[in-house]
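One structure is given below, encoded as structure tokens.
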Amino acid sequence: MDSDPKGDGLRVGVFVCDCGLNIAGTVDTQAVTDYAATLPDVVCAIRNRYTCADPGQNEIKKAIAEHRLNRVVIASCTPLQHEPTFRTCVAEAGLNRYLMEMANLREQCSWVHPSDMEGATRKAKDLVAGAVARARNLQPHDDLSVPVTKRALVIGGGIAGMEAALELADSGHQVVLVEKEASIGGIMAQLDKTYPTMDCSI
Amino acid sequence: MNVSGYIGNFTAEIRRKARYVDPEACTACAECAQVCPVVKPDEYQMGLSSRKAIYIPYPQAVPSSYILNMEDCLGTNPIACGKCAEVCEPDCINYDDRDIIVKRDVGAVIVAIGADVYDPTEMDEYGYTRFDNVITSMEFERLICAGGPTLGHFVRPSDHERPKRIGFIQCVGSRNPSIGRPYCSNICCMNTIKDTLLLADHYPDVECTVFYQDIRAFGKSFEDMFQRSKEAGTRYIRGIPGDIEEDTETGNLTLIAENTTSGKIERHEFDMVILSVGVGPPKDLAKISSLLTLSKTSDGFFMESHPKLKPVDAPTRGVFFSGFCESPKDIKDSVCQAGAAASRAGALLNAGQVHIEAITSVIDADACKKCGVCASVCPYGAITWKKGEVAVVIDAACAGCGNCGAACKFDAITMRHFTDAQYMAQIRAILAEDPQDKVFVFACNWCSYSGADMAGISRMQYPASNRIVRTMCSARVSEDMVLEAFRCGAPVVLVSGCHYADCHYITANRQTVQRVQRLWNKLEKAGVRPERLQLEWISAAEGQKFAKVMAQMEELRKTVTEEEIEYTIEALKPKPRKPKKEKEAAAVAG
């Protein structure tokens, strides 16, 4: 996939999320948006109420088409939560999944500096500047796709392992169940009665 | 046992241990055990009765077959013993049986290695090793069980008499930070309630007293059981005994406890005391953890991918948790989690294909100087190299930690999606304005960055001076990345990663330590205070530590003067290229 199929040069779009008041309650998101618009190669900077919700995602897709964006920066929450969401979003708009970068304004700014709005906003601007700089250097990639061996390994033959193995086997998968002791059963097999039903363990 | 590979494509090498008895042919007739002269404590019965060297673990064992414990066996030589083989009618005993390594390719792994029951030997204040009539709740299970050593006749060990007054002590090995077990073991309250009901059912004249901190009966129908236990006459006293005394004549025990409801110190005499022992991470956890590159939380159990949203996924893709090894839970919860883990694994197997992130390492064959350093630092053995040859990355085996990229001195390695150019641009942009006010933080994806998220989720406050950049592993942070941050005017740079033994990339963060040490030497040589570069291990669970470290970094930052920063920028300027290289370049150009 080409990162710049139309030969437009770099065209970065920045989307700053309020996350309701989760971010906007502490970070001046409008100031961050205005600042983002001044950064190199940024051709549009848009503030959203909830970027991850459908209207927010639709706005990103619309801007990608309208502004011929070839890099996207989303200044919202931790990438550990929503990176897959926004990668899918930009991909649906025809952009390569790897041309999206995030800045973490919620977990790293608003939620941890609630009594320092100015400091949190300054930090948010820097994180956005860093994300834009990184985005300008991003390259498109294709995920590697590999086949899956249709067999599962379950390590441990106690109640948790036996149940998992049976469930998988019942749904038609081969299972290798490994138990280090001479018999499966685990700790449960040593119990007499078990609560709350007061019936035998074996 | 060994497991290699990655999501969808693991290879497990399993040691099939020798049983010395053919489980297919064995009829479980017990002739062998009858003639075996070796007597050993029976592990299944908690050592309360004996077994032979050849034995069946318990009547309902699966496989339903005898097994010979070669460590207990007198000898396989017929002169030494060999009695069992003589009497075995189906001829299924084979002294020459050997362990076999079995290889299996699998697409998903479910880890269900359970827990270890707490051994109260170290907590001697309850006299477990000194007094016969102090037993654990696991020993209770065997003593009350019809299949137990006393056939269900509940007697006390000292005189085989039936005890009438029974004391239970809760939280033995749980909620006790002084022995490194601060967590609640989840099951012990309900187990004791169950025990009191069993005793009341078997012996209506029995008097049970339970010493507790809190009774945690929160599950479905649990409160009902608790009330029934009280109605059956069980006394619940809030207060954990501090001491125990034995009457050497009668074998009776006196517990001394502060009743925290009345505020009085009380003495209670019992015929028998049962320690309601907790459960802890299994001793095999560290081994399985390193096989599958898993992490553990501060309580020692496995860490899940997300505490709410991915509770059965391991941070390593394609690996799932079931049962106790993830956190203490009872049978019902273990069964629920087993179903969830099977469902997650099944979804992966059904999909047939899996996408792997394009964050692997790429070697530029022209720039490669064939030194082999990358291959030597790769924790996955994903880089092959022979002397005099260009190194080659096996894409599918590369986990993308970036250690090789940081180690290559010739810029011959590019980490897909985490390139040097991207990091340099990011560092420069973040430090473009007022760098003197900023602490520059490199945080690894799996632990420290997640630790920062944890601080956020928990709303912990810390100074806003830091600027965090994410790397997959702390070992991705190259010397040049750190130096660039200093060159851009950063007063303090922090490199943070997973705890030393818990690196998500097996051992990659050992390289982090070496690299930081080299940098400290370099800084010192250049006349820059080495402590301005800090190294910290912060796990994903340690939001509090992250906040604390950020406050410390801010204090450190305040000690760095403008002059120091200016000097540093000058002192760390990249040296002009060596004339030899220029000559070479000129020769090529010419």
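Computed from the coordinates by the stated procedures, all read-outs in this text should not be read as laboratory data. Please read all numbers here as calculations on a predicted model, not as lab measurements. Glycine gets a Cβ as well: all are built from the backbone with ideal geometry, and neighbour counts include every protein chain shown.
Counting only other chains, and only Cβ atoms inside 10 Å, what mean value do you get across the residues of B:350-358?
Across B:350-358, the average partner-chain Cβ count within 10 Å equals 5.
Output the 0 to 90 degree angle, nearest 10, between the alpha-carbon long axis of helix A:117-135 and the longest principal axis computed from the alpha carbons of chain A.
With both axes taken from Cα atoms, the answer is about 90 degrees.
Taking 7 Å along the Cα-to-C-beta vector as the label spot, tell me the B:Glu249-B:Lys386 distance in nanometres, rounded to one decimal.
The answer from the label model is 8.6 nm.
Counting pairs of alpha carbon atoms under 8 Å apart in space and at least six apart in sequence, what relative contact order in percent does chain B give?
It rounds to 11 percent for chain B.
Which distance in Å, rounded to a whole number, links the C-alpha centroids of region A:123-179 and region B:505-549?
Between the Cα centres of region A:123-179 and region B:505-549 lies a distance of 29 Å.
Taking the Cα atoms of region B:1-66 alone, what are Rg (to one decimal) and Dmax (as a whole number) in Å?
Computed over the Cα atoms of region B:1-66, radius of gyration and Dmax are 16.5, 50 Å.
So if R0 is 56 Å, what FRET efficiency would B:Ala501 and B:Asp91 give, r being the distance between their Cβ atoms, rounded to the nearest 0.05? Intermediate results must be reported in sequence, preceding the final value.
Working: r = 49 Å, r/R0 = 0.88.
With R0 = 56 Å, the Cβ-Cβ based efficiency is 0.70.
Evaluate the distance, in nm, between pseudo-label points positioned 7 Å from the Cα of B:Tyr567 and of B:Ser290 along their respective Cα→Cβ axes.
4.4
Using a 10 Å cut-off on Cβ atoms, rank the peptides B:283-293, A:124-134, B:522-532 from the highest mean neighbour count down.
By packing density, highest mean first, the sequence is A:124-134, B:283-293, B:522-532.
Using only the alpha-carbon atoms, how far is helix B:509-525 inclined from the longest principal axis of chain B? Give it as 0 to 90 degrees, nearest 10.
40
Using the Cα gyration tensor of region B:210-364, with a ≥ b ≥ c the square roots of its eigenvalues, what is the shape: rounded (a/c below 1.5), prolate (a/b larger than b/c) or oblate (neither)? Mind dumping the intermediate values first?
Values: a/c = 3.54, a/b = 2.42, b/c = 1.46.
Prolate.
Could I get the Rg over Rh figure for region B:357-417? Both from C-alpha atoms, Rh via Kirkwood, rounded to two places.
Taking Rg over the Kirkwood Rh, I get 0.91.
Nearest 500 deg cm²/dmol is fine: what mean residue ellipticity at 222 nm does chain B get from its DSSP H runs of n ≥ 4 alone, each adding -39,500 (n - 2.57), divided by its residue count?
-8500 deg cm²/dmol
Decide, for region B:29-77, between rounded, prolate and oblate: order the square roots of the alpha carbon gyration tensor eigenvalues as a ≥ b ≥ c, take rounded if a/c falls under 1.5, and otherwise choose prolate if a/b is larger than b/c, else oblate. If you can, show how the numbers build up before the last one.
On the way: a/c = 1.76, a/b = 1.21, b/c = 1.45.
Oblate.
Wrap a convex hull around the Cα atoms of region A:151-200, take a quarter of its surface area, and give that in square nanometres. Kindly include the intermediate steps, with their values, before the conclusion.
Numbers: hull surface 15.8 nm².
So the mean shadow area of the Cα hull is 3.9 nm².
Determine the equivalent ellipsoid of region A:58-202 by diagonalising the alpha-carbon gyration tensor, then write out the semi-axes as square roots of 5 times the eigenvalues, largest first, rounded to whole Å.
Ellipsoid half-lengths, sorted descending, are 49, 24, 13 Å.
With a/c under 1.5 counting as rounded, go ahead and sort region B:116-280 into rounded, prolate or oblate using the C-alpha gyration tensor (a ≥ b ≥ c being the square roots of the eigenvalues; past the cut-off, prolate if a/b is larger than b/c, else oblate).
Working: a/c = 1.24, a/b = 1.07, b/c = 1.16.
Cα axes put region B:116-280 in the rounded bin.
If you count, for every residue in B:466-479, the Cβ atoms of partner chains within 10 Å of its Cβ, what is the mean?
Mean shielding by partner chains, rounded to a whole number: 2.
When Cβ neighbours within 10 Å are restricted to other protein chains, what is their mean count per residue of peptide B:59-65?
4
Looking at chain B, send over the antiparallel percent of its DSSP beta bridges, to the nearest 5. Provide the component values of the computation, followed by the final result.
Numbers: 40 of 76 bridges.
Percent antiparallel among DSSP bridges in chain B is about 55.
Show me the ranking of peptides B:352-359, B:505-512 by mean Cβ neighbours inside 10 Å, starting with the highest.
Ranking, from highest mean packing down: B:505-512, B:352-359.
Please compute the modelled spin-label separation between B:Gln461 and B:Ile265, points set 7 Å along Cα→Cβ, answer in nm with one decimal.
Distance between the two pseudo-spin positions: 4.4 nm.
Could you estimate the translational diffusion coefficient of chain B from the Stokes-Einstein equation, with Rh from the Kirkwood formula over C-alpha pairs, at 4 °C and 1.567 mPa s, in whole µm²/s?
In µm²/s, the coefficient rounds to 45.
For region A:151-200, what relative contact order do you get, as a whole percent, if you take Cα pairs closer than 8 Å and at least 6 residues apart?
About 38 percent, as a whole number.
What is the ratio of the Cα radius of gyration of region B:442-533 to 2.2 N^0.38 Å, where N is its residue count, to two decimals?
1.11
I'd like the per residue volume of the convex hull spanned by the Cα atoms of region A:12-135, given in cubic angstrom. Walk me through the numbers before you get to the answer.
Working: hull volume 9.8 nm³, N = 124.
Per-residue hull volume (Cα only) is 79 Å³.
Beyond a 27 Å Cα-Cα separation, which of these cross-linked pairs lie in this structure: B:Lys230/B:Lys264; B:Lys17/B:Lys308; B:Lys438/B:Lys545; B:Lys17/B:Lys386; B:Lys17/B:Lys83?
Values: B:Lys230/B:Lys264 22 Å; B:Lys17/B:Lys308 38 Å; B:Lys438/B:Lys545 19 Å; B:Lys17/B:Lys386 37 Å; B:Lys17/B:Lys83 22 Å.
Exceeds cut-off: B:Lys17/B:Lys308; B:Lys17/B:Lys386.
If R₀ is 56 angstrom, what is the calculated FRET efficiency for the pair B:Asp116 and B:Asp366, using the beta carbon separation as r and rounding to 0.05?
0.55
State, as an integer percentage, the relative contact order of region B:116-280 based on alpha-carbon contacts under 8 Å between residues 6 or more apart.
32
May I ask you to work out the translational diffusion coefficient for region B:307-408 at 10 °C, viscosity 1.306 mPa s, via Stokes-Einstein with Rh from the Kirkwood sum over Cα pairs, reported in whole µm²/s?
Reported coefficient: 97 µm²/s.
Could you tell me which trypsin sites (Lys or Arg not before Pro) in region B:87-159 are loop residues by DSSP with no more than 11 other beta carbons within 10 angstrom of their beta carbon? Write down the numbers at each step before the final one.
Details: sites: B:Arg98, B:Lys103, B:Arg104, B:Arg130, B:Arg142; in loops: B:Arg98, B:Arg130.
Filter output for region B:87-159: B:Arg98, B:Arg130.
For region B:267-334, what percent of Cα pairs sit more than 14 Å apart?
64
Once the Cα atoms of helix B:543-558 and of chain B are each reduced to a long axis, what angle between those two axes, in degrees from 0 to 90 to the nearest 10, is obtained?
Roughly 30 degrees, rounded to the nearest 10.
Based on alpha-carbon atoms only, what is the radius of gyration of the protein assembly as shown relative to the globular estimate 2.2 N^0.38 Å?
Taking the Cα Rg and dividing by 2.2 N^0.38 Å, one obtains 1.13.
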